[in-house]
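Worksheet: one structure, shown below.
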């Protein structure tokens, strides 16, 4: 991987994405062994720098790093100098001085990892920045779909939920369209980002990817679900109601919630995905979340393998089955 | 549109101490206030313009400047400058800000009142006039706050402020959102005739906003500042200006739609004027997206030097701004020079302060529009000299005999690289760092004294 950092999927070529997915398959094989440890990152120090609360992502990164034999240090915003008012730039300089080899960062401000990546010699992996991007989540979504359906090209992916505030939606859109899928973004009008579809369509053309209408936007959930091979539900937060963007979660769940009746409108056997954590009963009903079409648990499992692949490739590893 | 009381507004800086003669020979004098565009000479004596004409005899002992091949204009007038003193001296002082003004060809600036304390009493107005007299390089006028402490709740003593010498009122940085208060401010301002300058921003629509709301903000995951947030306030204020008969001045217009409201109000006889900044004439939101938008972009994504309020918008908006200057719906250019310290901007986009330090690059930016054909040179000079002076009723911006000998000599073709470390301003925050601009000030003359000299 000829890049220093993984900040978003928007500038990944299709080949780069395929390289990651191939390496993920190899890492998954490692995870199936009785001793889930390989040496590529032995002696390296990886710092998890999380300014926002997270369970699954942080643990996932930590396990991935340890499986690659790296030393892992966790910094969370509470209980660190951040509470004393230390700026992001200062924290970055400290990490540099302490000799971190790789920094995994989650921050509430869109673009924060870009600033950090510019200032650090170490590689930076974006574990989620504000509303903007969550590249490893999108990569594990891609891997999950590919391993279940066999291919991504030509598929129709419906992402339903609070798109406006979702870094998962943005990164997934870039990932899926770069590999030739169509993406439909569906949300109440107040939760749709104006101009995002245009930005993606323009960006794809700049990358040389020419597909007819790769990204469409609608607030009609039936339209979004029609012929969908993949249905990705996103968490809708109570705060959106409090800030006036939604009248109530009840109305949201009745009009956009993925229930058994709704999921039947998608293609037969369509995959049901969710990045977690779920608000069961709001954006997704428990029977769908735990039903036969759900690959939500597989997403989590694949997350460790994907993160191992990304760290391995960033550290200079070569893609391929032999690890 | 001058002060209806027709009194000459007191000059803030008595630079007339300079005694002696200065003759500027052979330059192309462009003085739109007098309709002059010709190769001719200018004579300044004891700080005031003596004569403008061909073949002026230089008195013995006079300094003579050879301006052949150069453009000679009245010193530029900036009606929207943040000098930051008192209170934010780490960002700028009156000394450094006026030095930056001189470096940029501005001989008159109007200091905005978002200082600490705000300019809402005679004491602060006097402090600024005084400091400018002792330490300033150019003339400084003061803009007083509309509301006490700029808190947007109660009117400041607008008449007292006018008596102390303020040339306009503004809460700039903040919008007067309370409609009743804005109505009262406009109505009350009729006692002094000074314009009420509004920073048009409906805060409810810009909560958490970081940049223009559009495809770039959607992609970058930054909360957007829709055009409507500026337009609804301008529309409202135009109605209030109509109701009260006062002079409303719209600060830093950024949206093409705003111009429609101003045009409509003017056609009904409302006294509304407007200004535009050099950056809203030339830069767009694609700059925030960095290399994604253009392989030749000089800034990385999320560069905080692009963060400004109102935000950089889209190409149709910047083109509409130039067209607006041309057809007169926008009266003048005003820099909104907003210097910031390193710590204010060296952080994530969300935490960064808004503002661009641009006194020293304003001419270059405006000339870029001229070079691209969006404005003629004469239109650009007018927008920097007589038109801002007229809007605020200042005795400046033109070289009538008897007026202050404030002159700017410039080379419209000299190329130079923007190097913020060489700025006279403390504010290094400009998205133009590293850009090559075409057009530079060679000399800035205040009251017959050469204050800035690049002729060597």
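Tell me, B:304, B:206 in order of fewest to most beta-carbon neighbours within 10 Å? If you can, show how the numbers build up before the last one.
Working: B:304 24, B:206 21.
With the fewest neighbours first, B:304, B:206 line up as B:206, B:304.
Could you line up A:297, B:275 from fewest to most neighbouring Cβ atoms inside 10 Å? Before the final figure, lay out each step's value.
Details: A:297 11, B:275 27.
The order, fewest Cβ neighbours first, is A:297, B:275.
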Roughly speaking, what % of Cα-Cα pairs in segment B:20-137 are separated by over 20 Å, rounded to a whole number?
-> 53
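What is the ratio of the Cα radius of gyration of segment B:220-332 to 2.2 N^0.38 Å, with N the residue count, to two decimals?
My calculation over the Cα atoms of segment B:220-332 gives 1.17.
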For chain A, just list the percent of Cα-Cα distances falling in each 20 Å bin from zero outward, please.
-> 33, 58, 9
Taking Cα atoms only, helix A:14-31 is inclined relative to the longest principal axis of chain A by an angle, in degrees rounded to 10, of 70
Two pseudo-spin positions, 7 Å from Cα along C-beta at residue A:280 and at residue B:203, lie apart in nanometres by 4.3
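Once you have a ≥ b ≥ c as the square roots of the Cα gyration tensor eigenvalues for segment A:97-192, tell me rounded if a/c is under 1.5, and otherwise prolate or oblate according to whether a/b is larger than b/c.
Details: a/c = 3.21, a/b = 1.56, b/c = 2.05.
Oblate is the answer for segment A:97-192, as a/c is 1.5 or above yet b/c matches or exceeds a/b.
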Is the shape of segment A:251-299 rounded, prolate or oblate, going by the alpha carbon gyration tensor and its root eigenvalues a ≥ b ≥ c, with a/c under 1.5 for rounded and a/b larger than b/c for prolate?
-> oblate
Work out, step by step, the length gained on full extension between residue B:38 and residue B:453: first 0.36 nm times the residue separation, then minus their alpha carbon distance; give nm to one decimal.
-> 147.1 nm
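Share of Cα-Cα pairs in the protein assembly as shown beyond 34 Å, in percent?
Of the Cα pairs, 55 percent sit more than 34 Å apart.
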Give the calculated FRET efficiency between residue B:319 and residue B:178 to the nearest 0.05, with a Förster radius of 22 Å applied to their Cβ-Cβ distance.
-> 0.05
Mind giving me the FRET efficiency for residue B:163 and residue B:135? R0 is 30 Å, r the Cβ-Cβ distance, nearest 0.05 is fine.
-> 0.80
If you line up the long axis of helix A:167-178 against the longest principal axis of chain A, both from Cα atoms, how many degrees apart are they, to the nearest 10?
-> 80
At what distance in angstrom do the alpha carbon centres of segment A:169-220 and segment A:1-72 lie from each other?
-> 26
Separation of alpha-carbon centers, segment B:68-146 and segment B:303-318, rounded to whole Å | 24
Calculate how steeply helix A:135-149 sits against the longest principal axis of the alpha-carbon atoms of chain A, using the helix alpha-carbon long axis, and give the answer as 0 to 90 degrees to the nearest 10.
-> 60
Here the Cα Rg-to-2.2 N^0.38 Å ratio for segment A:264-323 is 1.52
For residue A:207 and residue A:94, extending 7 Å from Cα along the Cα-Cβ vector and measuring point to point gives, in nm, a value of 3.6
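Tell me whether segment B:75-397 comes out rounded, prolate or oblate; compute the Cα gyration tensor, take square roots of the eigenvalues as a ≥ b ≥ c, and use a/c under 1.5 as the rounded threshold. Please list the in-between numbers first.
Numbers: a/c = 1.34, a/b = 1.22, b/c = 1.10.
Taking the square roots of the gyration eigenvalues as a ≥ b ≥ c, segment B:75-397 is rounded.
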So if R0 is 56 Å, what FRET efficiency would residue A:118 and residue B:263 give, r being the distance between their Cβ atoms, rounded to the nearest 0.05?
-> 0.80
Segment A:135-296: percent of C-alpha pairs farther apart than 24 Å?
-> 27
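Read-outs: derived from the displayed coordinates by stated rules, not from any lab. The structure displayed is predicted, hence computed values, not measured ones. Neighbour counts run over all protein chains shown; Cβ positions are idealised from the backbone, glycine included.
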